[in-house]
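Comments concern the structure below.
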Amino acid sequence: MIYSPTRYLEVTQSWMRPELVSPTALARLKTISGILPPISNLLLECRLGTSDSVDLAPQFLAHDGSRAFFINKRPSHMLPKPEILDSHVWRRVQEFCVQWEQAELLNMEVADIWLEFDVDGPPPHIPIPGLFVTYEKKSSITDLQALRSKHHQATKLALEILFAAPLPPLLAQNIDACFELLPEQSYMFSVGAMLSRDSVPIKLCVADMTSEQLVPYLKNVGWPGCYDDVHNLLHEIDPLLDRIAFQLDIIDGVISPKIGFECYLTEHNPRKEARWRLLLDYLVKIGQCTPDKKEALLMWYGGQYNILPQEQGVNFIDGPCSRNVFIRCVNHIKVVIHPDSSYEAKAYLCINKSWLPPAKSTPQGI
């Protein structure tokens, strides 16, 4: 079953410390969530510095029916404001979903999409999203080069659908280079188009590249940023992580000096994984995370029944039968190096729906 994004926010809001999600930010998130159809999962993008802006990123899948709301196959749950689809960007999102279902390449390779809403002030009457495409990475694949070739083709097709036009030559050239120069074991797992922004940055997200391979790759694709900044950051954070991914921006066809590093730990529970605190301590040390936000992040992890407080919901109580639950975790932390060599850190709070299996005794919390 899938739920309105407003439901995700309402059920979990008692766990949103105001240091991370202020009442003003939460109200803005609910305004945007109110225009959206039911979704699969939800991410909240929280700045860890002094900014209180929180962005919203709902997920849509093919197999659970959430994609169907954009292709007129769930008429009882269409977008509540008919004029939304009069917007050029929303029409492109809808067209992408249609082609995701109908075009074999997209249908086979695209795992899900995320809409990202920048929320740095009161939302407009019709909020405009960016769109991220996430690709399937089949664990049994033996020819990664062939898989990367399909993702390369899917990226160009997806962007042409979103732009409603062929790709400009310089943009196509730089996308080609970013795919073709990937080291043997690495791959592009997600591609985004920030349709809500004037310059429409294209974001390319790369995984499974070692620290030793990163700088040579950046040089090969013509990244114009400061390599010392990259080296210094990775020297500090790489030993604290299980894996790291990075994100390049292409703006007006040109690779930007801005770069983002997505920091992942396999164990999401900070009570079981001390490196969460070590990573956040480092961000506090360099002035990119406030102490209050660090402590709020460490308390975010947990689970609860999909019941509103007035419905007597509690945080994972004992129960004899399966129950629909929401799991709260920090999906990852991103550290951005800006063109002026300044840093910015963000945390991605994830709210996943799941099921609590039958058990004689269910632990309090996780």
*Picking from S53, I71, I32, whose Cα lies most toward the positive end of the charge dipole for the range 21-84 (charges on Cβ: Lys, Arg +1; Asp, Glu -1)?*
I71
*Cα-based equivalent ellipsoid of the chain: semi-axis lengths in Å, sorted from largest, via gyration tensor*: 31, 27, 20
*For the chain, modelled as a GNM with alpha-carbon contacts under 10 angstrom, which of A347, A193, A165 fluctuates the most?*
A165
*Show me 283-294, 42-53 ranked by packing, highest mean number of other Cβ atoms within 10 Å first.*
42-53, 283-294
*Counting each DSSP H run of 4 or more residues in the chain as -39500 (n - 2.57), what helix-only mean residue ellipticity at 222 nm follows after dividing by all residues, to the nearest 500 deg cm²/dmol?*
-9500 deg cm²/dmol
*asked:* In whole percent, and with a 1.4 Å probe on the protein chains, what portion of the accessible area of the chain is carbon and sulfur?
replied: 52 percent
*Per residue of the range 209-214, in order, report the coupling 6.51 cos²θ - 1.76 cosθ + 1.60 (Karplus, θ = phi - 60°) as ³J(HN,Hα) in whole Hz, putting x for Gly and Pro.*
10, 6, 4, 5, 7, 5
_Tell me whether the range 1-112 comes out rounded, prolate or oblate; compute the Cα gyration tensor, take square roots of the eigenvalues as a ≥ b ≥ c, and use a/c under 1.5 as the rounded threshold._
prolate
_Stokes-Einstein translational diffusion, the range 125-273 - Kirkwood Rh over all Cα pairs, 1.567 mPa s, 4 °C, in µm²/s_ = 79 µm²/s
*When the Kirkwood radius is taken over all Cα pairs of the range 104-176, what Stokes-Einstein diffusion coefficient follows at 37 °C and 0.692 mPa s, in µm²/s?*
230 µm²/s
*Could you provide, to the nearest whole Å², the per residue accessible area of the chain with probe 1.4 Å?*
43 Å²
*Using alpha carbon centroids, what distance separates the range 1-42 and the range 274-310, in Å?*
18 Å
*Give a residue-ordered list of calculated ³J(HN,Hα) values for the range 260-270 (Karplus: 6.51 cos²θ - 1.76 cosθ + 1.60, θ = phi - 60°; whole Hz; x for Gly, Pro).*
x, 10, 8, 9, 10, 10, 5, 7, 7, 8, x
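The values are calculated or read from the model by the stated rules, or taken from the named source; none is laboratory data. All of these numbers come straight from a predicted model, not from anything done at the bench. Neighbour counts are summed over all protein chains in view; Cβ atoms, including those assigned to glycine, are modelled from backbone coordinates with ideal geometry. With ligands, DNA and RNA removed, areas are computed over all heavy atoms of the protein, side chains included. Shrake-Rupley method; radii C 1.70, N 1.55, O 1.52, S 1.80 Å.
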